[in-house]
Structures are given as C-alpha cells and as structure tokens.
Amino acid sequence: MSKKTLVVIGNGMVGHKFLQSMVNSDVMQDYQIVTFCEETRLAYDRVQLTSFFSGKSEDDLSLVEDNFFEDNNITVHTGDRAKHIDRKSKVVTSEKGVSISYDKLVLATGSFPFVPPIPGHERDNCFVYRTIDDLIEISEAGETSKVGVVIGGGLLGLEAAKALKDLGLKTHVVEFAPRLMAVQIDDGAGAVLRKKIEELDVSVHTQKNTQNIVDGEECVHRMNFADGSHIETDVILFSAGIRPRDDIAAECGLALGERGGIVVNDSCLTSDDDIYAIGECALWDGKIFGLVAPGYQMAQVVADHLAQKDNAFTGADMSTKLKLMGVDVASIGDAHGVTDKAKVYTYVNGADDVYKKIVVSEDNTRLLGAVLIGDTVDYGNLLQLKLNDIPLPEYPDSLILPQRDGSGATGLGVEALPDAAQICSCYDVSKGDICQAVSDGSTTMGALKECTKAATGCGGCAALVGQVLNKELEKMGMDVNTDLCEHFAFTRQELYHMVRVEGIKTFDEMLDKHGKGYGCDICKPTVGSILASCWNEYVLDQPHAALQDTNDRYLANMQKNGTYSIVPRITGGEITPDKLIVLGQVGKKYNLYTKITGGQRVDLFGARQEQLPVIWKELIDAGFETGHAYGKSLRTVKSCVGDTWCRYGLADSVSAAIDIENRYKGLRSPHKIKLAVSGCTRECAEAQSKDVGVIATENGWNLYVCGNGGMKPRHADLFATGLDFETMIKYIDRFLMFYVKTADRLQRTSTWMMNLEGGLDYLREVVIEDSLGLAETFEQEMQTVVDAYECEWKRTVESEERTKQFSTFINTDKPDSQIVFVPERDQLRPARQDELTSTSAD
Amino acid sequence: MQTATELDLNWVDVCALHDLPDNNMGAAVLHEETQIALFYIKQIDQVFALNNLDPFSGANVLSRGIIGSVGDELVVASPIYKEHFNLKTGQCLEDEGVSIAAYPTKVTEGRVLIGLSS
Ligand code: SRM
Ligand SMILES: Cc1cc2nc3c(=O)[nH]c(=O)nc-3n(C[C@H](O)[C@H](O)[C@H](O)COP(=O)(O)OP(=O)(O)OC[C@H]3O[C@@H](n4cnc5c(N)ncnc54)[C@H](O)[C@@H]3O)c2cc1C
Ligand code: SF4
Ligand code: FES
C-alpha cells in the first residue's frame, strides 16, 4: 500500500509537538510527512525566548532532537512559507514554488504580534517580540540605544520590558488600559504589581493612547500621547496582543471566527474534513488559546484522530503563575469575579506588597477564580480546588489569610485530590502519574523530575509535586532511609549541623556521641570532609588522617598500580615559562609521565608513595602549591585569556579567575567543585559547564551556577546578571557555603539544586534575597575558611615526622619492587598485567 | 588439607607496636619478598595482618585502605576499587570466590610478630 501524504504548515512549538506525537504513533507508518517551516530555524522554545538574552543559545532553545527529520523520514522545507492551498485538487504551494499534494493537512501557523496602526509605527528601531530574529534585531539596536519603550503592559509586554532593562536601557512601559496585565488581574492587584515594577526602575505609564511616533530631539523617536504628554525613546517594542495567522486559511475559504482564528471542532478539524488546525491559529468554542499547553493537547488530539483513537479537545485552563521581573504573579479562572452573584474575598498586605483575592460561588462552596501578587505559594492548592471542583472549607477566606499560629496552611491536603488531577500542566502530569512513579521507585524530587518531567517546565508545580511525593512516601510507610551508613543514622546535613552546633572536632567524638561500630569508608571520609569544611584543620593531623580516602591521606590520587599523581595548582591556568620549566625538570628528574589535564594544568604521574614528599618539596621551593586534585574540594578555575589579549574580551577574566581560585582553594565540599571565567559570551573557558561559571558582559559579570560535565552533563543556569566583582564574590560565598552545608555526600551542585524544593528560584531567594537571613553567616563562615587556608603539602614537607608517614614500609626504606613501568611514546606507563607476569617471571 | 598449628608457624618479628599508627590506620611491612599490611585496632588493642596485594588491581595497596566495620566484622576497603576484606580471615565481602592470605599475629614485649607457615 502506498503511503498517504500528510502536510504540516508551520514548524513552531505546536507544529513540532504534532510531528513528535505522530512519530510516537502507529499511524506514522501510513503517512509520508512534509512540513513547511517559514522561519530559518526549526522549532524552538518560544516560551523561553527571553532567555536568549541571558545567554541561552539557539541550540539550547531548539526543540528538535538531533537528526529528528532524517531519522523519521520527514521532509522539511526550511525558510519556505506555504502560500496557497488549493482545496479542490488538494495541493499546497509554497513561496519558493514547491507544490505538494496532500491527503491530510494540518495548519499550525501560530499567531503574529498585533501592531496598532499608529502613524510612525513602521519607523526604524520599532520591533515586535516573537522570534529569535526579532530578538537579534532588538539586541543589535540596544547596543546603540539608551532608552526603550514597550507598548503594551500585558504578560508579554512586561517580559519584553525586562529584556530591555537587561540590555541596559532606561525602560518604560506604556499601557492603554488603566492597569497592567488588564486581562489577568484586577485593579487592586494591578496597583501592587505596578509599585513593585516601578521599584525595579521601570517607569509605568497607564491610560496612555499613543497618537503618533515622530523624530525625537534627544532620542531617535518621540511618542506623542492623546493627553498631550510625550516620551522620547530610541527603541520601541510593540506588545499589544497577538492575532491568529489565518490568512492562508482565509484565502482558501475555511471558516473563520468573527475576530479571526480558524474554526475547529473537538477533533481540531476545520470546516474541511481533511484539514486540521492546532495551536494559536485555531479557534475552539470561540476561544484562542495563547499558551503552549492547550496547543500540545490539540497536537495529540489530531494524532489520535488520524489513528482513529478516542480523544477530544475539551478546552483548557488558562490559569497562569509566573515571575515577572522578579515579582510573583498568578491568576486563576474567573479572576475578575464576573460570574453571576460571585463573592469576592480580598487580602491586602501593604507592608509586604502582597495582594490575594479569591472569587467563590454564591453559596461559598466552590472556588471560581483567584489573583495573587507578591506571594503565590497558594497557587497550586487554589488551582486544584478550582479544577477539581472541590468543596471549600467553611470560611473560604482562610485559604488566603496568612497562617501566623504555625498551624500550617489550611486549604486542602493533596490527599483530597483525585488521581486524575493535573499537577503539572507544562508536561500534563497527573497526581496518579506521580504516585505511580513514586511507587516505582522515584522517591526523591530529583528522580521524580527525571522520570515524569513534572516541575521541569515553568516550575510552578514544584511545591505541589513535593507534597504529593511526601504524602505517598508516608502512605507507603516508607520512611525513606536517608542514613549515611550503618554507623550513623543521620544524613550528611544532620551530621554537619552536629559538628557545628556541638563543636565536634574529631571522628571519634562523633562516633562516640552519635554513631556505632568502627565507622567505614563511607562515613569516615564524609565526617572528615565536614570537619575540614567547618574547621579547616590540617587533614593529616593525627585524628583526621585515618578518615581520608587514600587520595586525601597521601594528598595525591592513587593510580591503578599503586603509584600517585602530582597536580600543582596553576591558578586560572596561567603559568610563567620559568615555572613551566620547573615542572619539566621535576618530571624529567623523577621520570614521571607528564600530561596537560582537561583542567588547564599539568599532571605528573607515576610517583611512588615515598617519593611524594621529596618531589613536592622541590615544587614548593619553586613556588608551587597543592592543586587539591585528590580532594573533594575546589579543583580548578579555568579562564580564557580575556581582554588583556583577546580582541573581544570585555574584562580581565584571567585576574578574576586567579582571585576566585585563590579565594576558594582548599575549601572541602560534598563533591568536587569546578569554576571558570570567560571574558565574553564566546565562552572559551566553558563557564556554563561548571558548578560556578562567570562570564563578562558589557554591564558586569553574569553568574551561572549548577553546571557540570562528567557522567551527566548539565548546562549551568543563569543565576544573576550585571554584577560587580564584589557582589559576585558575595553570591559565590553564599552559594558555596549553602551547598557545603546542606548537600548530600557526593552530590554535585546540580543534583543538589534539583533536589531542593523550589529549585533554582529557591536558591536565588536564599542567596540573593537572603530569605533565610543566613547570608551574613555564610559569608563569615566562608571568610573563616579562607583565612585558615594553608597549603597542605607545604605543611607536610616541613615536618620530618609527617614525611615519614609516606615511606612505603615501616620496617625498611626499600621501595615497592613490584611496581613496574614500560616505555611508551618517550615516557613511562604502568605495565599491564600480561607484561607484569612476563617481567616478574625472571 | 592440614591446618597449621601454632607450632608449625614461623613467628617473624616485623616491627615494634609503637611503629604502627594508633588511630585505626594501616601500615605495610616487607618480609623478604612478601608485603604485609598491618592494622592496629585501638578499641580492642589488637593487630591484624593481611597480604598487602589487592587481588583486583594487582597493586600492593591494602595497607592504605580505610578500616571500618560491616556488622560485627572488621574490614579494610581497598583504596583502588573499594572491595572490602575481612581483617581476620582475608575473605572478600563482595566476591565469595576471592580471599587473601590473613596471618596470625601476636605482640610480645612490644614487638609485633607474624605467624608465617614454614
Ligand atoms: C587528570 C584529568 C584527566 C586529564 O588527563 O585531563 C582527570 C583525571 C581524573 N578524574 Fe576527571 N580528570 C580531569 C578533568 C575532568 C574534567 C574536565 C574539567 O574539569 O574541565 C571532568 C568533567 C567536568 C566536570 O567534572 O564537571 C572530569 C570528570 C570526572 C568525573 C565525573 C564527575 C561527575 O560529576 O560526573 C570523575 C569521577 C568522580 O569525581 O566521581 C573524575 C575523576 C577523576 C579521577 C580523580 C579518577 C580517580 O579517582 O582516579 C582521575 C584522577 C586524576 C589524577 O590521578 O590526577 N573526573 N574530570 C583531569 C584533571 C583536571 C585537573 O587539572 O584537575
Ligand atoms: C516571549 C514569549 C513568551 C511566552 N511565554 C509563554 C509562557 O510562559 N507560557 C505559555 O504557555 N506560552 C507562552 N508563550 C506563547 C507560546 O510561545 C505559544 O503559545 C506557542 O508558541 C504557540 O505555538 P504555535 O505552534 O501555535 O505557534 P508558533 O510557535 O508561533 O509557531 C508557528 C510557526 O509557524 C510558522 N508559519 C506561520 N505561517 C506559516 C506558513 N504559511 N508557512 C510556513 N510556516 C508558517 C511561523 O513562522 C512559526 O514559526 C510565549 C510567547 C512569547 C512570544
Ligand atoms: S571568551 Fe571571549 S574574551 Fe575570552 S578568549 Fe574567548 S573570545 Fe576572548
Ligand atoms: S506546571 Fe510548569 S513545570 Fe509543572
């Protein structure tokens, strides 16, 4: 049987989701798929568009898996717009002249930003905010501009304003309505939001009707308003709403709504039985859904319809929760209380700029809508009450009143939710899905995220997911065993607190007070590391030495044949020719295998235990110090050459890296930590793959956290932008101390962050907003560690007693005669087992 | 197979007790071509001796492992791939088929003696 042809117009978020749904469906084998993609880029994450400004690349935003089109045999015409549909002969023609006959056609053309026909709107430096190309143009214009205006104070307008602000422009928001976000929130909330946004130095102008845009005197443009006032600006962004892209549908005579939009039924079929429409171009029940989740549902509905499976689009909830310019905003259902006889309860806290409102049914039993500004922790609960039509408590206002007596929030426990309740709307994960995943073994937040994807989109559902998780664990009677090992019935974090609070100084003291048995290779190094983090005493002092993993105990990494490697610190990767010569001389003298590491320094391999102090003495005399390559501690701070030499450099990345490395060297931590500093966004130092990464920008340093390479690579998240060096160091101090104090054994910063309830946002709150009031303590504790730093190897080689501990045998000075090397590429390497047996036979 | 009685053993003096670290850390001694790992456990004031060769890596490193307990048994964890060996018997905990030589020890007048079969 020959395959039928399915044509998809538009490779945006929803169009691509549809392709993915098809690929996962059996019906795929019946179709040959062709898709038209007007943009020069294949589908990317428009929701995260703004993060393009904060350093996310096109690749990061891409939604297309490697080789997706090739592997699935889908033809894609990139940079080609479908222009005409001939419904009679069932042919689609494109701008570049491609004609394809279809059996079935799917329109996923999305929408376009509405630009009000204000005279002057077509002038230079007037933009919209929809595609990556738009953003590239905006940022180019931003380079030569001082002032920016966003026309439109809705969700997207505020997001665009944030972007202008981040580009370093003095930013204004101009809104026609009397308040911001007029669609989602009411006057009271609008006032609180406005105040918060003005505090961020963005000027808000409401009830302004722009008459025309003309040449300015100080800036490129002057915007004249109907009330006689005006603003001068260099850049203008229009964000006055979106309109469905229905032109191609209109031209071929498909039924449209009165105000646009391609009319579809519950199967997403248009007025033509062979043509579907999905996403923002589709009009269902008189409504356009300007969010991605409903579009994704439509994509699945069409794939199912083609496969003759039961599924229908039944509308979608448009509730939203987001952080706009750092302000928490949420709106649920009937936010304006327009339902007949609805009752409204409002809570306003002027001191903290918190506004909460709920709209309930006449009989007080059902929640109809809500608005939250400044504090959105109740969002998850309220949304579930509304979606699942759950009866309200006797006094509904208790839902939004602060719980000051410590009794905990009222409202509903997650137990009240039915299994079908959707917890994560970004990835359509229900409570049932989460419960199932927990009983299948995903018993931590991190594992749950990985397995269900819940809480990995907007993050709005994280708290609720956590609650479901805990309830499930409780139900399973499964007190998750977080004991470190059989000797300590505590977590690493609890042990850390004991050390701090009780001033515990040795492992024996810890074992006596809180443990049992003799300890083991898990708890000894863990406690050793905590003691070192807290007191930073010399790790080879009598009580600590036995706790260290061999690597720490001999201050070097053991290699496969029992010899050790030597890695001196080379801060920032910068080294003088003289020092390089010393390394060469030492390598030569002791016949060590020499290699440049992946961490911008030099590793010397093959030193026997008893040679370590001798070799280190030579290195220390030449001005080197330990590189802690053996410790769970700061490894390297990689740098690029920066503005000293590089023509693109925006700051002295080498000096910054050296300062940072010198500050944190020696810090003992739950796992190793790696940092890097790049001089500009070309990112030659790969800072975005580090636990802490720093990139210079025109406006200061951008700070990234929680990245790593290794077994599970993860890009770091942008944490803060435009920092001066001093503030940045403060943030890093706090970040690292918080990590050192609370992470689990062998947990790198990324997994640690993923397991924190609230994730990155929570981390920002703790580190930047100081929500726990611990910032100062963190800084002080870090300073103590910094002040207590000394090179362990220097201390070791200074004392004969200590160097004696390195002799291989306590009853003779002889070396281990069973260590055998063989030559390779002009250096030595350990003999392999087969080579060993042949050499030792004689 | 015949079990060696005390009498068949050749008691070798390898070091003084005070040469051994007193904080539950191992140390190695060389007797002719044999490398022996010694562990002095302070809580019970006793010395244990194992062959120093880690059978999994072929390197002489067991004296450099971390000492601990698994249940009631005292063990050392190999520093290379972290297998555990019983200090009394030399039995590997992770792999029933692997065990290493464990030697009887005694302390006489401050000297550590190891019983090697002659
Ligand atoms: C020497 C070096 C390879 C080289 O020849 O280039 C190296 C060698 C070792 N790495 Fe590495 N890593 C080296 C750079 C890296 C890098 C690249 C980097 O730092 O930019 C990575 C990926 C980046 C990262 O960690 O985010 C890397 C990811 C690992 C991992 C996986 C960590 C993870 O989170 O998945 C391990 C295993 C571990 O730590 O548990 C590891 C562990 C090791 C150990 C310590 C394994 C061991 O216990 O024997 C190796 C011993 C080194 C020695 O004896 O000195 N090494 N290792 C590099 C030393 C850099 C330095 O100057 O200190
Ligand atoms: C800055 C920004 C932030 C947003 N934030 C959120 C958010 O937080 N949450 C949320 O749910 N939603 C958000 N959205 C909305 C979300 O991006 C859209 O709902 C989603 O992209 C709609 O997907 P779509 O496929 O229908 O349209 P689009 O993603 O716009 O894709 C349509 C594609 O079709 C192409 N096309 C159109 N006509 C043709 C033709 N004739 N031939 C070929 N190709 C054609 C277009 O060029 C486009 O690439 C945001 C949008 C923006 C711009
Ligand atoms: S990151 Fe930028 S400044 Fe640094 S070397 Fe590369 S291009 Fe130059
Ligand atoms: S609701 Fe957005 S991540 Fe779950």
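None of the figures in this text is laboratory data; all of them are computed from the coordinates on show. The model shown is predicted, which means the values in this text are computed figures rather than measured ones. Ideal geometry is used to build each Cβ from the backbone, glycine not excepted, and the neighbour counts take in all protein chains shown.
Just a few scattered comments:
- Note on the stretch B:22-104: the C-alpha convex hull projects to 5.2 nm² when averaged across all orientations.
- Extension gain for the segment residue A:317 to residue A:347, taken as residue separation times 0.36 nm less the Cα-Cα distance, is 8.4 nm to one decimal.
- Rounded to the nearest Hz, the phi-derived 3J(HN,Hα) couplings of the stretch A:237-252 under the Karplus curve 6.51 cos²θ - 1.76 cosθ + 1.60 (θ = phi - 60°) are 10, 8, 9, 9, x, 10, 10, x, 8, 10, 4, 5, 6, 4, 5, 9, where x marks glycine and proline.
- Under 5 Å, built H, 5+ apart or other chain: amide partners of residue A:597: A:602, A:603
- Within-13-Å neighbourhood charge of residue A:115 [Cβ basis; K, R +1; D, E -1]: +1
- 5 angstrom amide H check on residue A:271, placed H, neighbours 5+ away: A:255
- Length-normalised contact order of chain A in % [C-alpha pairs under 8 Å, at least 6 apart]: 7
- Distance between the stretch A:724-738 and the stretch A:780-842 - C-alpha centres, whole angstrom: 36
- FRET efficiency, 1/(1 + (r/R0)^6) with R0 30 Å, evaluated for residue B:95 and residue A:812 via beta carbons: 0.40
- Pairs from the table (A:170/A:356; A:4/A:88; A:516/A:794; A:323/A:357; A:589/A:638; A:674/A:794) lying more than 25 angstrom apart at Cα are A:170/A:356; A:516/A:794; A:589/A:638.
- Inter-probe distance in nm under a simple model that places probes 7 Å from Cα toward Cβ, at residue A:363 and residue A:41: 5.2
- Considering only Cα atoms, the convex hull volume of chain A works out to 224 Å³ per residue.
- Of the GluC sites (Glu not before Pro) found in the stretch A:247-325, those that fall in a DSSP loop while having at most 16 other beta-carbon atoms within 10 Å are A:258.
- Distance histogram in 5 Å bins (all Cα pairs of the stretch A:126-240, percent per bin): 2, 13, 24, 25, 20, 12, 4, 1
- Simple point charges give the picture: +1 on the Cβ of Lys and Arg, -1 on the Cβ of Asp and Glu, and for chain B a dipole about the Cα centre of about 220 debye.
- Using the Stokes-Einstein relation with a Kirkwood hydrodynamic radius computed over Cα pairs, the translational diffusion coefficient of the stretch A:172-244 at 10 °C and a viscosity of 1.306 mPa s comes to 119 µm²/s.
- For residue B:106, the lysines whose Cα comes closer than 19 Å to its Cα, not counting residues fewer than 8 places off in the same chain, are B:42, B:88.
- Separation between Cα centres of the stretch B:19-87 and the stretch A:142-178, rounded to whole Å: 68
- By the helix-only formula, in which each DSSP H run with n ≥ 4 contributes -39500 (n - 2.57) and the sum is divided by residues, chain A has a 222 nm mean residue ellipticity of -9000 deg cm²/dmol.
- Note on the stretch A:646-691: with charges restricted to the Cβ of Lys and Arg (+1) and Asp and Glu (-1), its dipole about the Cα centre is near 160 debye.
- Cβ charges +1 (Lys, Arg) and -1 (Asp, Glu), total dipole of the protein assembly as shown, debye: 720
- Euclidean distance of C-alpha centroids, the stretch A:328-387 and the stretch A:83-141, integer Å: 38
- Fully extended contour minus Cα-Cα distance, from residue A:308 to residue A:770, at 0.36 nm per residue: 160.9 nm
- Paired Rg and Dmax values of the stretch A:633-790, which use every Cα atom, in angstrom: 14.6, 43
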